[in-house]
Amino acid sequence: MKSAIVFGANGLVGKEILRKLEENPAYSKILVLSRRYVASDNPKIVSEVINFENIHKYWAMISADELYYCLGTTMNQAKSKAKFFHIEYNYCLNIAKIAKHNKIKKFFYISSKGANENSLFYYLKVKGQIEQELKALDFPTLAIFRPWILLGKREQFRFFESIFKFFFSIFNFLFIGPLTHIKGMPAKGLADYVLNTASVVMSGAKIHYNNEIHSYLNNKKKQ
């Protein structure tokens, strides 16, 4: 039986990953660490409200077989580049360093399509910087996922994302073949792929691209 920690379980992808973990009999304990309590009747889910500004206070808690990092923000929510960097980069790397010290074997990070430390777009630049730092920590297994526009219902409204979602809700089926790299990604489908990745024996760091995830989902539909 395995244990897992989920950061960002109140978000669009984290919520779906938590649901998948809850349904999976291979996991006996799932620790949810978040700003807000996550209610569940399942005894294997333990929810703890934490202060990310003082993450080292929870050092001993961050211990499990696997860690799923789905926490994130936007420039609009953060209001400034400095705040965005602090939430995206510092939160993630502080947690990752503790996870490495506590010998967590598998680290799963939800990044973004186009993440690149040399990107002209600040959001993608920071995501790329995080990816490089995570690789440098040398986890036994590091899986980085780069989905395109995420499809699903968020608790928080994101204006520009809502425009893309409306477009993909109508035309997503047209993005086939080489266009799957810019096809909208259902949050449930991404969570399914992430948990499938967790079940496969692998070592080292690997980036999972949008078209690769869609290929898995399409093949699964045909089975």
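Bear in mind these aren't lab numbers, they're just calculated from the coordinates by the rules spelled out. Computed from a prediction, not measured in an experiment: that's the story for all the values here. A quick note on method: Cβ atoms are made from the backbone with ideal geometry, for glycine too, and the neighbour counts reach across all protein chains shown.
Annotations for the structure displayed:
- With the Kirkwood sum run over all distinct C-alpha pairs, the chain has a hydrodynamic radius of 17.9 Å.
- Cβ-based net charge around C70, under 11 Å, with every Lys or Arg adding one and every Asp or Glu removing one: 0
- Amide H partners (placed H, <5 Å) of M185, local residues excluded: W148, I149, L150, L151
- Gain on full stretching of the segment that runs from Y58 to F121 - 0.36 nm per residue minus C-alpha separation: 19.4 nm
- For the peptides 66-77, 27-38, the ranking by mean Cβ contacts within 10 Å, running from highest to lowest, is 66-77, 27-38.
- Spin-label model, S28/Y216: points 7 Å from Cα along the beta carbon direction are separated by 2.6 nm.
- For K221, the aspartates and glutamates whose Cα falls under 16 Å of its own Cα, not counting residues fewer than eight places away in the same chain, are D192, E212.
- Under 5 Å, built H, 5+ apart or other chain: amide partners of G114: none
- The alpha-carbon positions of region 1-127 define a convex hull whose volume is 112 Å³ per residue.
- A dipole drawn for the chain from +1 and -1 charges on Cβ atoms has a positive end, and of L93, Y216, A64 the residue lying farthest that way is Y216.
- Relative contact order of the chain, pairs being alpha-carbon contacts under 8 Å that are 6 or more residues apart, as %: 19
- Net charge dipole, region 2-222: roughly 200 debye, given to the nearest 20, about the Cα centre with Cβ charges of +1 for Lys and Arg and -1 for Asp and Glu.
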